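Student: Before anything else, here's the structure in question.
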Amino acid sequence: MTSKPPSPSSDELVRVPHAPLTAYYAKEEDRSEFLREIFDKTAIDYDRIEKAMAFGSGSWYRREALVRAGLTKGMTVADVGIGTGLVARQASIIIGDATLITGIDPSAGMMNAGHLPAGISLLNGKAESIPLPDESVDFISMGYALRHISDLSVAFKEFTRVLKPGGRFCILEITKPQTPLGTWILKTYMRTVVPIIAWAIAKEPATRTMWRYYWDTIEACAPPSRVLATLRAAGLVEVKRHVELGIFSEYQGLKPFNASNM
Ligand SMILES: C[S@@+](CC[C@H](N)C(=O)[O-])C[C@H]1O[C@@H](n2cnc3c(N)ncnc32)[C@H](O)[C@@H]1O
């Protein structure tokens with residue numbers, strides 16, 4: 001008799017946030033190239049679709065979440081997965097000076113499509129290898145990029161390295177609802193309403209694929225308990241998850257004052 005492989009425990013650390021989605025790319029090694037291409041291609045549509053979806057993840061919500069996580073005036077910020085700058089724009093309002101923000105993203109297309117506040121610095125890079133010195137920023141934000149990272153354990157250790165002692169972080173992500181009914185509602189919305197929005201307003205045909213992929217990654221993503229365990233294992237403390245409307249997860253915490261870089 002063959003025994004079933006054990007299912008992952010809730011505190012098992014996350015490396016790859018989801019198994020390869022072979023409808024889009026063949027194997028894990030192809031994922032980052034698929035992502036860079038699709039984000040580059042669909043960047044022109046990103047802000048309009050995001051706004052039309054009115055998915056709660058608008059400007060107001062991003063700003064509130066940053067404040068909840070401890071962002072205040074005058075802090076230096078690394079916005080990882082800056083995309084077109086929807087989080088960075090809100091961060092600049094809170095801190096009062098866009099020159100204090102560095103945006104990092106592997107997609108030049110996304111960064112070039114945004115209307116970024118004057119003075120912001122942009123760097124091509126990934127969460128797994130943040131192109132900033134040790135202990136150089138007060139705050140790290142990352143909006144809706146967690147599902148796209150190839151190794152969360154490595155990325156969160158990068159957060160610990162780059163944050164100053166006492167520095168805080170805010171990771172925004174959409175999480176699959178806990179109930180089957182909630183999942184059905186969100187899935188139906190993503191699979192029916194969002195494609196109609198994309199069909200009506202997108203300029204780039206690949207935008208429909210991009211938003212289908214968006215839902216598939218939410219459905220396949222490692223659960224919040226494992227994301228929290230991975231953040232703690234990276235040396236971050238006071239780690240917690242604030243949830244809005246059952247699906248908007250805000251992971252918050254800080255680098256301890258006595259941390260040695262890991
Ligand atoms: C859905 S967009 C989010 C953009 C923006 N932060 C927001 O709140 O709207 C995800 C972004 O993550 C970027 N991304 C993909 N892989 C990444 C990685 N490994 N590290 C950092 N960013 C990544 C994509 O290029 C894309 O710009």
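The values are calculated or read from the model by the stated rules, or taken from the named source; none is laboratory data. All values derive from a computational prediction rather than experimental measurement. Glycine also receives a Cβ, built like all others from the backbone with ideal geometry; neighbour counts cover every protein chain displayed.
Student: Being of a type in the set (D, E, K, R), surrounded by fewer than 17 Cβ atoms within 10 Å (Cβ to Cβ) and in a helix (DSSP H, G or I) is true for just one of K73, K51, K41. Which residue is that?
Tutor: Step by step, each of K73, K51, K41 is checked, and only K51 is of a type in the set (D, E, K, R), surrounded by fewer than 17 Cβ atoms within 10 Å (Cβ to Cβ) and in a helix (DSSP H, G or I).
Student: Here's a follow-up. Mind telling me which of the residues G125, G143, G114, G167 ends up being at pLDDT below 95 and under 19 Å from the mean Cα position of the chain (by Cα)?
Tutor: Details: G125 fails: at pLDDT below 95; G143 fails: at pLDDT below 95; G167 fails: at pLDDT below 95.
Being at pLDDT below 95 and under 19 Å from the mean Cα position of the chain (by Cα) holds for just one of G125, G143, G114, G167, which is G114.
Student: Select from the stretch 191-240 the residues that are among the polar types (S, T, N, Q) and over 29 Å from V154 (Cα atoms) and list them in ascending order. Show your work before the answer.
Tutor: Kept after step one, since they are among the polar types (S, T, N, Q), are these residues of the stretch 191-240: 192, 207, 209, 217, 225, 230.
Hits for the stretch 191-240 are T192, T207.
Student: Quickly run through the stretch 82-116 and pick out the residues that are of a type outside the set (A, V, I, L, M, F, W, C), farther than 17 Å from G58 by Cβ and touching a Gly at 6+ places or on another chain (Cβ under 9 Å).
Tutor: Listed by number, the residues that qualify are G96, D97, T99, G103, D105, P106, S107.
Student: Checking the condition near the ligand (Cβ under 10 Å from one of its atoms), under 26 Å from R241 (Cβ atoms) and either without any contact (Cβ under 8 Å) to a residue 12 or more places away in the chain or part of a loop (DSSP other than H, G, I, E, B) (or both), which residue from G103, G83 passes?
Tutor: G83
Yes/no per residue for (1) within 16 Å of the chain's Cα centre (by Cα); (2) not in a helix (DSSP H, G or I); (3) not basic (K, R):
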| position | (1), (2), (3) |
| --- | --- |
| M210 | yes, no, yes |
| I218 | yes, no, yes |
| R226 | yes, no, no |
| A229 | no, no, yes |
| V239 | no, yes, yes |
| V243 | yes, yes, yes |
| S249 | yes, yes, yes |
| Q252 | yes, yes, yes |
| A259 | no, yes, yes |
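Student: Further question on the same structure: Right, A65: touching a residue at least 40 places away in the same chain (Cβ under 8 Å), near the ligand (Cβ under 9 Å from one of its atoms) and either outside any loop (DSSP other than H, G, I, E, B) or within 16 Å of the chain's Cα centre (by Cα) (or both) or not?
Tutor: No.
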